[in-house]
Amino acid sequence: MLLSLIYQTLIIVLLLTFSFGPAFFALINTGIRHGYKTGSLLAFGVVLSDFVVCLLIIFLVHFGATNLIQDEKSQRFMGIVAGIILIVFGALHYREPVENGSDATIIIKVPSAKVMIFKGFFLNSLNPAVWLLWLGNVTAVGKTLDYSIFNMILYFSITLGLVLLVELGKVSAAGKLKKVLTPKIMRSVNVVTGSLLIIFGVVLIYNHFFDKQ
């Protein structure tokens, strides 16, 4: 049992921290642009979202209501809403930063803590793939833990604590790049991140609306 849980923990940590979705690119971009403190707030929002989604799914599994997640209409609604939000977030990355004087030092307004936590939470929780991923995680681990609500909450709390540590490590590494990046490269990073978020948004809308016609 212990070896099985350790194996499942490693799989979950790897899946959550190295899945190249919208939250991943937003996290790296924030670390580069705003540094560790602001990036860590976004990471906290993402992991908080994972915990809330995980908690909801634990209770849905316990009460046999997982059809709410697998329902096509629910996925369609979430996919379209998430797509629109991603497109809006992506478009905001195209805003030009203000240059200061002849040395062209970029002045970037740092978002508030609430904004960053909110952004991380919704970037992650409105992605239908996240719900399906957690449904698979809870189902797999639940078998090992005999679907005990207390044991599953405790297990996933510890696992997500590990995920948060890895996310903070990613933000720290990205933040160090800021010292060696030129204003031109910083703008390029912003444009690339914005473009990726818009692409993710368009794909979500297409997959959950146009492709279902």
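The values are calculated or read from the model by the stated rules, or taken from the named source; none is laboratory data. Computed from a predicted model, the values in this text were never measured in an experiment. Glycine also receives a Cβ, built like all others from the backbone with ideal geometry; neighbour counts cover every protein chain displayed.
Data overview
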quantity	calculated
Residue in region 123-146 that is surrounded by the most Cβ atoms within 10 Å (Cβ to Cβ), counting only those that are of a type outside the set (A, V, I, L, M) and under 18 Å from residue 3 (Cα atoms)	137
Unique residue being closer than 25 Å to residue 42 by Cβ, at pLDDT 85 or above and surrounded by 14 or more Cβ atoms within 10 Å (Cβ to Cβ) when the list is 200, 156	156
Residue in region 32-90 that is nearest to residue 118 (Cα to Cα), counting only those that are at pLDDT 85 or above and hydroxyl-bearing (Ser, Thr, Tyr)	49
Positions within region 119-128 being under 11 Å from the mean Cα position of the chain (by Cα) and part of a helix (DSSP H, G or I), in sequence order	119, 120, 121, 122, 123, 124, 125
Every pair of residues 6+ apart whose Cβ atoms lie under 6 Å, when the first sits in region 162-182 and is farther than 18 Å from residue 46 by Cα while the second is in a helix (DSSP H, G or I) and not small (Gly, Ala, Ser)	177/32; 178/32
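Residue-by-condition table, conditions (1) touching a residue at least 24 places away in the same chain (Cβ under 8 Å); (2) touching a Phe, Trp or Tyr at 6+ places or on another chain (Cβ under 8 Å); (3) of a type in the set (Phe, Trp, Tyr); (4) not in a helix (DSSP H, G or I):
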| site | (1), (2), (3), (4) |
| --- | --- |
| 5 | yes, yes, no, no |
| 10 | no, no, no, no |
| 15 | yes, no, no, no |
| 26 | yes, yes, no, no |
| 40 | yes, no, no, no |
| 56 | no, no, no, no |
| 59 | yes, no, yes, no |
